[in-house]
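Colleague: Let me begin by handing over the structure; questions about it come next.
The values are calculated or read from the model by the stated rules, or taken from the named source; none is laboratory data. These numbers come from a predicted model, not from an experiment. Don't worry about glycine lacking a Cβ; one is built from the backbone with ideal geometry, like all the others, and counts go over all protein chains shown. Side chains are part of the model used for accessible areas, which takes the heavy atoms of the whole protein and leaves out ligands, DNA and RNA. Shrake-Rupley method; radii C 1.70, N 1.55, O 1.52, S 1.80 Å.
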Amino acid sequence: MSTALPIVEIRDQLKAACAAHRRIIIRAPTGSGKSTQIPQYLLDDGCLRDGKVVVLQPRRLATRLLANRVAHERGVKLGDEVGYQIRFEDVSNDYTRIKYETEGILLRQLLSDPEIRDVDAILFDEFHERHLYGDIMLARAVQLQQTTRPDLLILVMSATLDTLPLQEYLSDAKLLTSEGRTYDVDISYRDKPLHPRHDNVMEAAAEAMEELLRRDVPGDALIFMPGAYEIQKTIQALQQQTRCRDCLILPLHGELPPHQQDAAVDSYAQRKIIVSTNVAETSVTIDGIRIVIDSGLARVARFDPHRSINTLWIEKVSRASADQRAGRAGRTAPGHCFRLWTEREHGERPLHETPEIRRVDLSEALLNLKAIGLADLTAFPWFEPPDPRTMQRAVQLLEDLGAMEEDSGAITALGRKMASFPMHPRYARMLLAAESYQCVRQVALVAALTQGRTILTRRANKDTRSQRDDVLGEEAPSDFFRLMRAWHYAFRNQFDLRRCQNMGVHAQSARQVHRVYESFLRMAKQQGLTINERAGDDELLCKCVLAGFADQVAQRRDQSTRNCVVVHGRTGQLSSESIVDDPLFVAAAIDEIQRGQDGNVELQLATRIEVEWLQELFPSAVKTARHAVYDPKLKRVVQSQQKRYHDLVLESSSGGEPAPELAAQLLAEEVRRGNLAFNQWDDQVEQWILRLNNLATWCPDWELPAIGDEERNLLFEQLCLGCVTAKEVRTRPVWPVVKGFLSAQQLQLLQQHAPERLDIGGKRAFRLVYTAPPTPPSLSARIQELFGVKSLPTIAGGRIKPLVHLLAPNQRPVQITQDLPNFWREHYPGIRKELKRRYPKHAWPEDPEAPGK
Ligand code: ADP
Ligand code: MG
């Protein structure tokens with residue numbers, strides 16, 4: 001063990017803390033010895049029982065290097081007392097006491113061993129990086145500690161962490177800090193920003209390196225680049241520089257074989273230049289570095305809406321990250337850092353990186369959590385809960401893929417199988433389908449082709465295109481067949497740049513696909529799938545694509561345009577690049593390109609499918625629904641049946657008798673809208689209703705049921721019951737149903753107190769005209785007809801006086817009144833003369849109230 005490392009100053013405190021606390025936070029600068037020393041202190045100072053300490057690492061490369069280093073420090077063989085485990089590689093045994101692991105591995109272990117009794121302590125290293133699985137594991141560890149494993153020791157370590165939120169989250173955690181030792185680092189920037197097209201960051205880095213060497217700046221150098229490709233290009237550029245050429249130039253990234261990774265951290269007599277990914281930012285410390293050249297870029301995992309999976313994007317690192325990187329130059333002596341961006345641009349960068357939980361798709365993590373038995377994820381003690389929309393998207397996808405039950409949210413048997421695959425659920429689903437159809441090898445390639453950039457150049461010129469079409473073919477049930485042929489072409493030509501270019505194939509992307517393809521095959525093999533050599537049948541391959549992209553089933557609206565509807569209420573256009581011409585297909589990529597104001601969605605990488613396959617693979621998502629509509633052309637209610645995949649209508653047919661209630665509702669709706677009428681529903685019926693409504697308002701104490709809109713619709717429905725055609729509706733007898741609205745007693749009340757006609761003075765029954773309540777009804781009578789009538793009868797049990805429209809012999813209205821005696825008295829004498837003159841043949845008595853002759 002290295003006693004010289006600064007972290008030794010907290011060794012005693014750590015021992016004491018372990019005796020009194022189960023939660024410890026350790027904050028100490030990078031390079032002070034946290035990752036290599038703390039696990040050893042725990043073991044050597046009796047802080048563990050006879051179990052192990054698991055050291056969780058965000059990166060595979062660091063996991064192996066750290067284990068290697070600690071085994072070396074302790075003089076033991078790697079894989080015994082000190083070991084590590086990453087995907088595809090387990091270098092540990094039952095007696096391992098210090099075990100370095102990537103974060104996802106421990107979560108997978110919980111699948112088979114939920115209480116992890118052999119683990120005494122979990123050490124969360126580099127927690128400030130906030131990787132998704134680190135967050136999830138910490139929450140799970142807290143949950144375990146609160147339930148079945150109160151003895152579990154949780155330690156969280158970080159160089160830069162703002163520890164306050166963490167202290168709040170891990171209540172009663174003991175905080176240990178060590179300041180470490182750092183030296184000044186002189187930071188300089190570019191005067192001018194790099195030109196996005198004319199400059200390249202790899203060459204700029206090499207030039208900056210050459211310049212520092214020309215100025216005789218001492219020490220080894222560390223150059224940060226985002227990925228393997230840029231590292232390789234930087235090394236080529238360095239080799240073009242005279243002074244750089246004399247140095248030992250070494251790459252460091254996760255895709256290198258172990259001996260090359262080891263070579264980068266070894267010490268040499270010669271000056272060395274390490275070109276590394278951000279693994280050297282905090283995870284791995286390389287001694288002797290006094291120069292840092294920073295591209296300011298990193299590959300960052302982020303949800304890609306285009307493919308609905310997480311992809312790595314090259315992004316600018318935050319200021320916090322850049323400071324960490326610069327710090328690597330000042331660990332043992334003062335150093336220099338050169339940033340390949342301007343100081344002004346630096347100020348515009350974000351302060352910190354966004355935690356992964358806020359940028360990535362959660363479906364894989366969610367499936368894992370479901371598989372370890374977490375039913376209710378809202379109760380999961382997240383350090384930072386994910387956005388509910390992100391959660392919802394993940395749930396939806398898992399349901400669509402058949403991994404989760406829609407109603408209960410429980411994991412299905414299939415979901416359980418999928419969870420054991422260390423990959424996105426889409427690909428797990430595809431490979432499982434491939435196993436049953438015996439086409440695992442091809443499906444692994446298809447899965448690899450959906451990741452990363454497309455391998456066909458989009459803007460290939462005409463010659464290239466036609467040549468390409470000759471080789472790739474223009475017809476196939478899936479765009480993947482073309483891609484597969486293109487890829488095989490590139491593979492056969494060993495990804496030769498020129499040949500690929502001639503064919504319109506991206507050599508670099510094809511090579512990347514190769515790596516992903518191989519890793520899919522490896523995972524498939526690890527899961528016990530049979531890797532079949534035999535070429536499978538095309539149809540089966542298409543089914544496997546459907547299995548993985550069940551949430552992106554699309555259907556063309558018609559054959560003349562490329563407009564499509566996509567399941568779950570989306571729309572889009574089939575890409576013009578697609579060779580698929582079928583009405584039903586799955587799109588493995590969905591691209592939202594902005595055109596004008598409304599975003600236009602392009603559906604790419606299409607594969608034709610059949611309705612039967614949906615039924616075969618996703619039986620619970622295919623449902624047949626009966627549906628009835630009123631057809632105005634046929635003038636009748638017609639019944640149709642729809643077969644749907646979620647909300648996508650796959651087939652519809654008409655025929656069969658609709659349910660009577662449903663038909664009645666639809667016909668009544670047409671009546672309500674005025675498109676259809678009952679012949680017998682005439683003015684008399686309306687008057688009847690007005691009589692009832694008025695009486696109900698005049699005499700509320702009688703509790704008569706008025707007929708409002710709702711009751712009227714009910715009457716319509718009742719009338720339509722048993723009808724299917726418009727003709728049947730028209731000839732329906734109306735009165736029995738309308739009158740049936742009232743009881744016999746109520747009918748009698750209506751007849752008596754809101755009569756249709758009013759008998760006046762035994763003379764004649766005058767028709768009463770009712771209007772909307774609360775206006776009294778009116779009757780019209782010629783003046784002479786009322787001679788001898790002293791006063792008018794009332795209605796509604798004496799509460800309402802009808803209105804009288806008094807008419808001249810020519811039917812012209814003379815007066816409207818409710819008070820007949822008043823009319824005779826006040827007005828009649830005045831108009832009598834005039835009436836006499838105009839109608840001399842009529843009798844106009846002086847006393848109109850006198851009983852007539
Ligand atoms: P921290 O986790 O605090 O950043 P580490 O424990 O990773 O610190 O590293 C502490 C020191 O151990 C480094 O500064 C370096 O000197 C040494 N060291 C760590 N890993 C290696 C290695 N693989 N090879 C050589 N030296 C190493
Ligand atoms: Mg460390």
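Colleague: Please work out if ALA67 is in contact with a strand residue (DSSP E or B) (Cβ under 7 Å, 6 or more places away or on another chain), modelled with pLDDT under 95 and within 14 Å of ligand 1 (Cβ to nearest atom). Lay out the reasoning, then the answer.
Modeller: Numbers: in contact with a strand residue (DSSP E or B) (Cβ under 7 Å, 6 or more places away or on another chain): yes; modelled with pLDDT under 95: no; within 14 Å of ligand 1 (Cβ to nearest atom): yes.
So ALA67 fails the test.
Colleague: Would you check which residues across the stretch 749-791 are closer than 20 Å to GLU846 by Cα, open to solvent by less than 40 Å² (accessible area, probe 1.4 Å) and in contact with a helix residue (DSSP H, G or I) (Cβ under 8 Å, 6 or more places away or on another chain) and list them?
Modeller: ILE783, LEU786, VAL789
Colleague: Counting only residues that are polar (S, T, N, Q) and open to solvent by 40 Å² or more (accessible area, probe 1.4 Å), which one in the stretch 265-277 is nearest to ligand 2 (Cβ to nearest atom)?
Modeller: SER267
Colleague: Okay, moving on. How about the stretch 287-313: which of its residues are open to solvent by 10 Å² or more (accessible area, probe 1.4 Å) and more than 29 Å from ARG429 (Cβ to Cβ)?
Modeller: ASP287, GLY288, ARG290, LEU297
Colleague: Considering only the stretch 685-732, how many residues are farther than 26 Å from HIS753 by Cβ, of a type in the set (S, T, N, Q) and part of a helix (DSSP H, G or I)?
Modeller: 1
Colleague: Moving to a separate point now. Is it the case that some residue within the stretch 604-619 is of a type in the set (Val, Ile, Thr), in contact (Cβ under 8 Å) with a residue 60 or more places away in the chain, part of a strand (DSSP E or B) and in contact with a Lys or Arg (Cβ under 8 Å, 6 or more places away or on another chain)?
Modeller: So far as the stretch 604-619 goes, no, none of its residues is of a type in the set (Val, Ile, Thr), in contact (Cβ under 8 Å) with a residue 60 or more places away in the chain, part of a strand (DSSP E or B) and in contact with a Lys or Arg (Cβ under 8 Å, 6 or more places away or on another chain).
Colleague: Assess whether SER178 counts as being within 16 Å of ligand 2 (Cβ to nearest atom) and either farther than 17 Å from ASP294 by Cβ or open to solvent by less than 50 Å² (accessible area, probe 1.4 Å) (or both). It would help to see each step written out before you state the result.
Modeller: Values: within 16 Å of ligand 2 (Cβ to nearest atom): yes; either farther than 17 Å from ASP294 by Cβ or open to solvent by less than 50 Å² (accessible area, probe 1.4 Å) (or both): yes.
The answer is yes for SER178.
Colleague: Within the group ILE10, ILE38, ILE24, which residue is away from ligand 1 (no atom under 11 Å from the Cβ), assigned to a helix (DSSP H, G or I), touching a residue at least 60 places away in the same chain (Cβ under 8 Å) and open to solvent by less than 40 Å² (accessible area, probe 1.4 Å)?
Modeller: ILE10
Colleague: Right, here's the next one. If you scan the stretch 433-463, which residues turn out to be open to solvent by less than 30 Å² (accessible area, probe 1.4 Å) and not in a loop (DSSP other than H, G, I, E, B)?
Modeller: Matches in the stretch 433-463: ALA433, ALA434, VAL440, VAL443, ALA444, LEU445, VAL446, ALA447, ALA448, LEU449, THR450, LEU456.
Colleague: State which residue is nearest to the chain's Cα centre (by Cα) when the search covers only the stretch 278-296 and only residues that are within 16 Å of ligand 2 (Cβ to nearest atom) and not β-branched (Val, Ile, Thr).
Modeller: Applying the filter and picking the extreme gives ASN278.
Colleague: Out of the stretch 41-58, which residues are open to solvent by 10 Å² or more (accessible area, probe 1.4 Å) and either within 11 Å of ligand 2 (Cβ to nearest atom) or more than 44 Å from the chain's Cα centre (by Cα) (or both)?
Modeller: Result: LEU43, ASP44, ASP45, GLY46, CYS47, ARG49, ASP50, PRO58.
Colleague: Considering only the stretch 257-276, state which residues are in contact (Cβ under 8 Å) with a residue 60 or more places away in the chain and either within 16 Å of ligand 1 (Cβ to nearest atom) or more than 20 Å from SER295 (Cα to Cα) (or both).
Modeller: PRO258, GLN261, ASP262, VAL265, listed by residue number.
Colleague: Among the numbered criteria (1) within 36 Å of the chain's Cα centre (by Cα); (2) open to solvent by less than 40 Å² (accessible area, probe 1.4 Å); (3) closer than 29 Å to MET523 by Cβ, which one does GLY79 miss?
Modeller: Unmet condition: (1).
Colleague: Has the stretch 825-844 got at least one residue that is in contact (Cβ under 8 Å) with a residue 12 or more places away in the chain, in a loop (DSSP other than H, G, I, E, B) and closer than 29 Å to GLY708 by Cα?
Modeller: No; the residues of the stretch 825-844 include none that is in contact (Cβ under 8 Å) with a residue 12 or more places away in the chain, in a loop (DSSP other than H, G, I, E, B) and closer than 29 Å to GLY708 by Cα.
Colleague: Another question, then. May I ask you to list pairs of residues, at least six apart or on different chains, whose Cβ atoms are under 7 Å apart, with the first in the stretch 314-327 being touching a residue at least 12 places away in the same chain (Cβ under 8 Å) and the second being assigned to a helix (DSSP H, G or I)?
Modeller: ARG319/HIS346
Colleague: Which residue is farthest from LEU42 (Cα to Cα), if the candidates are limited to the stretch 65-103 and must be β-branched (Val, Ile, Thr) and not in a helix (DSSP H, G or I)? Lay out the reasoning, then the answer.
Modeller: First, pick out the residues of the stretch 65-103 that are β-branched (Val, Ile, Thr): 70, 76, 82, 86, 91, 96, 98, 102.
Still in the running and not in a helix (DSSP H, G or I): 76, 82, 86, 91, 96, 98, 102.
Numbers: VAL76: 17, VAL82: 13, ILE86: 22, VAL91: 21, THR96: 14, ILE98: 9, THR102: 20 Å.
Once the filter is applied, the top-ranked residue is ILE86.
Colleague: Within the stretch 104-144, track down each residue that is part of a helix (DSSP H, G or I), open to solvent by 20 Å² or more (accessible area, probe 1.4 Å) and either within 12 Å of ILE372 (Cβ to Cβ) or not β-branched (Val, Ile, Thr) (or both).
Modeller: Scanning the stretch 104-144 gives GLY104, ARG108, GLN109, LEU111, SER112, HIS128, GLU129, TYR133, ARG140, GLN143.
Colleague: Related question: Just need a number here: residues in the stretch 282-317 that are among the charged types (D, E, K, R), modelled with pLDDT of 85 or more and either away from ligand 1 (no atom under 16 Å from the Cβ) or in contact with a strand residue (DSSP E or B) (Cβ under 7 Å, 6 or more places away or on another chain) (or both). Please lay out each step first, then the result.
Modeller: Residues of the stretch 282-317 that are among the charged types (D, E, K, R), as a first pass: 287, 290, 294, 299, 302, 304, 307, 315-316.
Next, only the ones that are modelled with pLDDT of 85 or more stay: 287, 290, 294, 299, 315-316.
Checking which are either away from ligand 1 (no atom under 16 Å from the Cβ) or in contact with a strand residue (DSSP E or B) (Cβ under 7 Å, 6 or more places away or on another chain) (or both) leaves us with 290, 294, 299, 315-316.
So the answer is 5.
Colleague: May I ask you to list the residues in the stretch 464-496 that are in contact with a strand residue (DSSP E or B) (Cβ under 7 Å, 6 or more places away or on another chain) and farther than 20 Å from GLN604 by Cα?
Modeller: Hits for the stretch 464-496 are TYR489, ALA490.
Colleague: Out of all the residues in the stretch 797-812, which are in contact (Cβ under 8 Å) with a residue 12 or more places away in the chain and not aliphatic (A, V, I, L, M)?
Modeller: Matches in the stretch 797-812: GLY797, ARG799, LYS801, PRO802, HIS805, PRO809, GLN811.
Colleague: Another question, if that's okay. With respect to the numbered conditions (1) within 16 Å of ligand 1 (Cβ to nearest atom); (2) in a loop (DSSP other than H, G, I, E, B); (3) touching a residue at least 60 places away in the same chain (Cβ under 8 Å), which one is the sole condition not fulfilled by CYS47?
Modeller: (1)
Results for (1) in contact with a Pro (Cβ under 7 Å, 6 or more places away or on another chain); (2) assigned to a strand (DSSP E or B); (3) surrounded by fewer than 16 Cβ atoms within 10 Å (Cβ to Cβ), shown as yes or no for each residue.
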residue	(1), (2), (3)
VAL516	no, no, no
LEU546	no, no, no
ALA554	no, yes, no
ASP558	no, no, yes
VAL565	no, yes, no
PHE585	no, yes, no
ALA589	no, yes, no
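Colleague: With the requirement that a residue be more than 13 Å from TRP688 (Cβ to Cβ) and among the hydrophobic types (A, V, I, L, M, F, W, C), what does the stretch 729-748 give you?
Modeller: VAL729, ALA744
Colleague: For GLY33, all conditions in the list (1) touching a Lys or Arg at 6+ places or on another chain (Cβ under 8 Å); (2) within 15 Å of ligand 2 (Cβ to nearest atom); (3) among the small types (Gly, Ala, Ser) hold save one; what is the number of the exception?
Modeller: (1)
Colleague: Name the single residue, out of those in the stretch 343-370 being in a helix (DSSP H, G or I) and in contact with a strand residue (DSSP E or B) (Cβ under 6 Å, 6 or more places away or on another chain), that is most open to solvent (accessible area, probe 1.4 Å).
Modeller: GLU343
Colleague: Does CYS544 satisfy the condition of being within 30 Å of GLN396 (Cα to Cα) and either at pLDDT 90 or above or touching a Phe, Trp or Tyr at 6+ places or on another chain (Cβ under 8 Å) (or both)?
Modeller: So CYS544 passes the test.
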